[in-house]
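Below is one structure; the comments refer to it alone.
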Amino acid sequence: MSQSPSFSVKPELSTRPDHESLKGWVHAFCIIRFDLEQGQLLEECYPPDSLSQEEEIEVSFNSFPDSVSQNHNRASIHDCIFFFRFRKRKRNTQEGESGNGSEYLYGYVFNRQRHDERLKRGGEQKSVVILSHTPYSSVFRPLLQIVGPLYFDVGKKAIEHIAGYISVWPAPVPGKLMELPIGNAMLKVNLPPAHSLPMENGILYEESASSMAPLLPTNQSIPQGLFHDSDIFGIYRGLLLQLWTLWELLLIGEPILIIAPTPPQCSEAVASLVSLVAPLFCSIDFRPYFTIHDPAFAQLNSLREGDAFPPMVLGVTNLFFLKALRNIPHIVSVGTPAPNPNRISLTSRSTGRIPGRAEGLGVQQLSLRKFSPSSLLNAVRLRRDGPLCLMTEHKEAVWTTYSPITKPDTSVLNRLIDAGMSPRVEESMSVVNNDILRRHFLELTTNFLAPFGPYFQVNAPSDGSSPYVSPPPLPSFSGDEFLSNIFARGVGRFMSKRMKSNWLDLYRRFLRGPNFMPWFQRRRAVAEQEQNRLWRMARMKTDMMHLTSKMNELEAVDSFNAIEKYLNEEMKLEEYGGEGSGAGERCRKLRKDLKAVFDVLPRDMQQLLLSNPQRASLLSED
């Protein structure tokens, strides 16, 4: 089997991978074989001992297409790429997680099913898995298209070789276009922005530049949320009118079960749905490929009639879930049951996607002219039959009792281009259609969140005022007050044209849902950080000699105390952050300002201040 044509091994690369640098991108590489007697077996894990025994089991079970969803064709080779996500287990070790506090691990899978009559039961299955703490699908999908075939060509030495290239990559920079060399290839990938990623060790600095104003980015290639490379149009092509309902359900954090015939379609459907709510930070648990072996399944399966289902988006292929999770209120069926294994997968607009033989989506050739009375009649029949009709025949449908408030935008649907039968034409049309859909839902979400903008409004010191007083607090928030104000003010022309008259209910549900408070608190923290940055900059530019000339004694004492407080804060930053943090320069400026205020105070007040040894040391240092 030949390796990927866009990649060749460079023999001059002889350095061993640096494991700590590698973990900035990849937690581990795993090779998993499906044994007919013993089931899933972990053959290789690199670096060794990266996973606990429980994690090894979980990765092994998630790395193969469910037996119910396998394609029973006689093709000699069938490759597919998909990904999963699982909650990490607590490890009783003192080595920690190499500084990474992520709660989840993502597994990106290259699965190969090989038909060979000479083998026992006529074939074998193996999976190459890249585990990471980060949802960088735009990086790991094209990387799998290199490392997967390479492993099956040259064996396990391919893993260490690829790890060597990755360990010399620069550290990930969220929201940026990065060029990542891998052999003779170059992955040019856009990483998702900081505001869409879980916080690690506090707030990421890049978040301070993000804005709550209802303005869309002029550069559409810049990602605004997770999975910006997913193929929304391809996977939801048969359910385009339902996208606005699904957007609402995810926005308010409703539990959703997505069922598809194959793991690639399943994981793509979950990723595309999560991408619809950008730039909102998605707090609910989502599983691109969920199996009965997941520890969470036992808890979900034990829910009794009437118990509230936790807010989750579960992507599954096993029809058993239709019965086991019958209490889940919203079910979505997508995809086609028999994709052509020889067809090249649709690429996204990410320049990092490298075409290969792996099945990525497997979408149907459906015409956009399907919006007709007969389509509506079929939808009524599907709703009447219920999701259990999937046990006999796979169909694309949404089952929910939820009444959406947002209306489908027919002008957006009419702009979509119907692809022809040529795979190349369909691929290019899908890219255009994805841009149209993603742009619309980005605008929809941004305008929906815009009324919260005043609660993140920062204030800079006015000209001539002292930047050493405490910055004014951000406006306080009350849910009832917000609803009352927005009811009186309205939501603006953009949203009012796209929502029914009961639009206030959507805001009420959003405030009660699991996405609101984590997003709001994070935005508030970012706003406070931005405000502190503006006031810190103002202090660096302040002419304290000029300010002191206008102060009375009480104002001078207050200023002295304020400068002393900020100086102590900057000294701590200098101690922990080093010179690169800029705290050293700020400390020198604050000491100079402290001395300037001290010099205008009466002598008796100076003596009183100097009676404190710590304060005296601040004034004595240059």
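The values are calculated or read from the model by the stated rules, or taken from the named source; none is laboratory data. Not measured: the values here are computed from a predicted model. Neighbour counts are summed over all protein chains in view; Cβ atoms, including those assigned to glycine, are modelled from backbone coordinates with ideal geometry. These area figures cover heavy atoms from the full protein model, side chains too; ligands, DNA and RNA do not enter into them. Shrake-Rupley method; radii C 1.70, N 1.55, O 1.52, S 1.80 Å.
If you go through the stretch 169-196 and keep only what is more than 22 Å from LEU105 (Cα to Cα) and in contact with a Ser or Thr (Cβ under 7 Å, 6 or more places away or on another chain), you end up with GLY183, ASN184, ALA185, LYS188. Does the stretch 469-483 hold any residues that are acidic (Asp, Glu) and surrounded by 10 or more Cβ atoms within 10 Å (Cβ to Cβ), and which are they? Hit for the stretch 469-483 is GLU481, nothing else.
For the stretch 217-272, a tally of residues being touching a Pro at 6+ places or on another chain (Cβ under 6 Å) and farther than 15 Å from ILE81 by Cβ returns 11.
Residues to consider are GLU575, GLU530; find the one that is at negative phi, free of Cβ contacts under 8 Å to residues at least 60 places away in the same chain and assigned to a helix (DSSP H, G or I).
Values: GLU530 fails: free of Cβ contacts under 8 Å to residues at least 60 places away in the same chain.
Checking each option against the conditions leaves just GLU575.
The set of residues from the stretch 228-242 being among the hydrophobic types (A, V, I, L, M, F, W, C) and either farther than 24 Å from TYR136 by Cα or assigned to a loop (DSSP other than H, G, I, E, B) (or both) comprises LEU239, LEU240, LEU241. Taken over the stretch 289-299, the residue count meeting the criterion of being over 24 Å from the mean Cα position of the chain (by Cα) and assigned to a helix (DSSP H, G or I) is 2.
So in the stretch 599-622, with the set limited to residues that are in contact with a Lys or Arg (Cβ under 9 Å, 6 or more places away or on another chain) and in a loop (DSSP other than H, G, I, E, B), which one is surrounded by the fewest Cβ atoms within 10 Å (Cβ to Cβ)? Spell out how you get there, then give the answer.
Taking the stretch 599-622 first, the residues in contact with a Lys or Arg (Cβ under 9 Å, 6 or more places away or on another chain) are 609, 618-619, 621-622.
After this cut, where a residue has to be in a loop (DSSP other than H, G, I, E, B) as well, the list is 621-622.
Values: GLU621: 11, ASP622: 6.
The residue in question is ASP622.
If I go through the stretch 154-195 residue by residue, how many of them are part of a strand (DSSP E or B) and of a type in the set (A, V, I, L, M, F, W, C)? Give the derivation first.
The initial filter retains those residues of the stretch 154-195 that are part of a strand (DSSP E or B), namely 177-182, 185-190.
Next cut, of a type in the set (A, V, I, L, M, F, W, C) only: 177-178, 180, 182, 185-187, 189.
Selection size over the stretch 154-195: 8.
Cβ separations smaller than 6 Å between residues 6+ apart or across chains give the following pairs from the stretch 145-167 residues that are closer than 13 Å to ILE182 by Cβ to residues that are acidic (Asp, Glu) and surrounded by fewer than 23 Cβ atoms within 10 Å (Cβ to Cβ): SER167/ASP18. Can you find a residue in the stretch 79-86 that is part of a loop (DSSP other than H, G, I, E, B), open to solvent by less than 70 Å² (accessible area, probe 1.4 Å) and either touching a helix residue (DSSP H, G or I) at 6+ places or on another chain (Cβ under 7 Å) or modelled with pLDDT of 55 or more (or both)? No; the residues of the stretch 79-86 include none that is part of a loop (DSSP other than H, G, I, E, B), open to solvent by less than 70 Å² (accessible area, probe 1.4 Å) and either touching a helix residue (DSSP H, G or I) at 6+ places or on another chain (Cβ under 7 Å) or modelled with pLDDT of 55 or more (or both). With respect to the conditions (1) touching a Pro at 6+ places or on another chain (Cβ under 6 Å); (2) open to solvent by 40 Å² or more (accessible area, probe 1.4 Å), ILE486 falls short on a single one, namely (2).
(1) in contact with a helix residue (DSSP H, G or I) (Cβ under 8 Å, 6 or more places away or on another chain); (2) within 30 Å of LEU449 (Cβ to Cβ): which one isn't true of GLU553, the others all being true? Failed condition: (2).
Here LEU177 fulfils each of the conditions (1) in contact (Cβ under 8 Å) with a residue 24 or more places away in the chain; (2) open to solvent by less than 20 Å² (accessible area, probe 1.4 Å); (3) farther than 18 Å from ARG16 by Cβ apart from (2).
When the residues of the stretch 530-550 are filtered to those that are within 14 Å of VAL600 (Cα to Cα) and of a type in the set (Ser, Thr, Tyr), which remaining residue is most open to solvent (accessible area, probe 1.4 Å)? Step by step, filter the stretch 530-550, then rank; the result is SER549. Taken together, the residues in the stretch 455-488 that are of a type in the set (Gly, Ala, Ser) and closer than 16 Å to ARG509 by Cα amount to 3. Each residue in the stretch 497-508 was checked for being assigned to a helix (DSSP H, G or I) and surrounded by fewer than 18 Cβ atoms within 10 Å (Cβ to Cβ), and 3 of them qualify. Answer yes or no: is there a residue in the stretch 514-521 that is under 46 Å from the mean Cα position of the chain (by Cα), assigned to a loop (DSSP other than H, G, I, E, B) and closer than 30 Å to LEU250 by Cβ. Yes.
Would you confirm whether or not the stretch 269-292 contains a residue that is at pLDDT below 95, out of contact with any Gly (no Cβ under 8 Å at 6 or more places or on another chain) and open to solvent by 40 Å² or more (accessible area, probe 1.4 Å)? Looking for residues that are at pLDDT below 95, out of contact with any Gly (no Cβ under 8 Å at 6 or more places or on another chain) and open to solvent by 40 Å² or more (accessible area, probe 1.4 Å), one finds at least one in the stretch 269-292, hence yes.
In the stretch 470-496, the qualifying residues are those that are in a loop (DSSP other than H, G, I, E, B) and touching a helix residue (DSSP H, G or I) at 6+ places or on another chain (Cβ under 7 Å), and the one that is modelled with the highest pLDDT is PHE477.
If the requirement is being at pLDDT 85 or above, over 30 Å from ILE252 (Cα atoms) and exposed (fewer than 13 other Cβ atoms within 10 Å of the Cβ), which of these qualifies: GLU553, GLU564, GLU570?
Working: GLU564 fails: exposed (fewer than 13 other Cβ atoms within 10 Å of the Cβ); GLU570 fails: exposed (fewer than 13 other Cβ atoms within 10 Å of the Cβ).
Exactly one of GLU553, GLU564, GLU570 is at pLDDT 85 or above, over 30 Å from ILE252 (Cα atoms) and exposed (fewer than 13 other Cβ atoms within 10 Å of the Cβ), namely GLU553.
With respect to the conditions (1) at pLDDT 85 or above; (2) in contact with a Lys or Arg (Cβ under 8 Å, 6 or more places away or on another chain); (3) loosely packed, with under 12 Cβ neighbours inside 10 Å, PRO48 falls short on a single one, namely (2).
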